[in-house]
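The structure appears below as structure tokens.
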């Protein structure tokens, strides 16, 4: 009987994290754990980034050491908190685990960002919609029309369903709260160090490759989830599957296309195309077919697909935890 009770508490952790996120969202605070992880990254970067030019190999080694020290620090802190919670009993462990997992997932933040842009587009406020989009994408947004604003928003929601939700849930399933926290640390390092510019080309390469590895399996799980979500929401799930398999390899990331292409297929729209960065054009391969013009409504549909995919995964994860852990 005790074993069943413990399994039930463990199985409720992902659901509890999702409920907390639904209620409170992602608090904007200097003390948010992800912000603190960013400060840890900056600290070790400041210590290990060389003051003078050095070899590419040495830059890579220093970047790798930065990444490993960040992971060690985060792992030790969260591991210690988890150990303390275990000592305090199953209820405390479940509560701490749920809070840690909550801080690593961002479904409500994705929905909030998308719905704010959707609302501005429906109101005809293009200037504010462009400015709001600039908060969540790196591309220039000053001259975008409704279709391009919708494209940027849908791409962000789709890709971040993997990075911001499915991946931390997946690593929690494998390694508990420490796994979720380590994933978030790795993903944050990629967002801070994983740039192909003069400063980070070699220093940030380990962080970028680590993020690719951490998201490899979750991205493909997201593909399956989005196909299932399309079926549940009466979108074209067969086309979602076809386009996801056909166009995912076109994405510059080895993982991002499995979410973006599948969502594009479900809605019969085309993602990708020309983005401008500081006025310079950069072409991203098209994903999906332009059967329908992209509109504000597609933002809302992508949010519904994101939540359907997340709820499906939480349900499956909870069942696996209950029957296997």
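The values are calculated or read from the model by the stated rules, or taken from the named source; none is laboratory data. Note that the coordinates shown come from a computational prediction; the quantities given were computed from them, not determined experimentally. Note: ideal-geometry Cβ built from the backbone for every residue, glycine included; neighbour counts use all protein chains shown.
Tabulated data
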quantity	calculated
So residue 295, is it without any contact (Cβ under 8 Å) to a residue 24 or more places away in the chain and more than 21 Å from the chain's Cα centre (by Cα)	no
Filtered residues of segment 86-136 (kept if surrounded by fewer than 18 Cβ atoms within 10 Å (Cβ to Cβ) and assigned to a loop (DSSP other than H, G, I, E, B))	89, 123, 124, 125, 134, 135
Members of segment 284-298 found to be modelled with pLDDT of 95 or more and either in contact with a strand residue (DSSP E or B) (Cβ under 8 Å, 6 or more places away or on another chain) or part of a loop (DSSP other than H, G, I, E, B) (or both), listed by number	285, 286, 287, 288, 289, 290, 291, 292, 293, 294, 295
Answer residue from segment 43-52, given it is exposed (fewer than 14 other Cβ atoms within 10 Å of the Cβ) and not in a loop (DSSP other than H, G, I, E, B) and is farthest from the chain's Cα centre (by Cα) among those	47
Selection status of residue 125, modelled with pLDDT of 95 or more and closer than 26 Å to residue 36 by Cβ	no
Close pairs (7 angstrom Cβ cut-off, 6 or more residues apart or separate chains): over 17 Å from residue 197 (Cα atoms) in segment 41-64, part of a loop (DSSP other than H, G, I, E, B) anywhere	none
Qualifying residue in segment 142-151 (condition: under 15 Å from residue 303 (Cα atoms), in contact (Cβ under 8 Å) with a residue 12 or more places away in the chain, under 18 Å from the mean Cα position of the chain (by Cα) and surrounded by 22 or more Cβ atoms within 10 Å (Cβ to Cβ))	yes
Test for residue 313: is it modelled with pLDDT under 95 and either in contact with a strand residue (DSSP E or B) (Cβ under 6 Å, 6 or more places away or on another chain) or not in a loop (DSSP other than H, G, I, E, B) (or both)	no
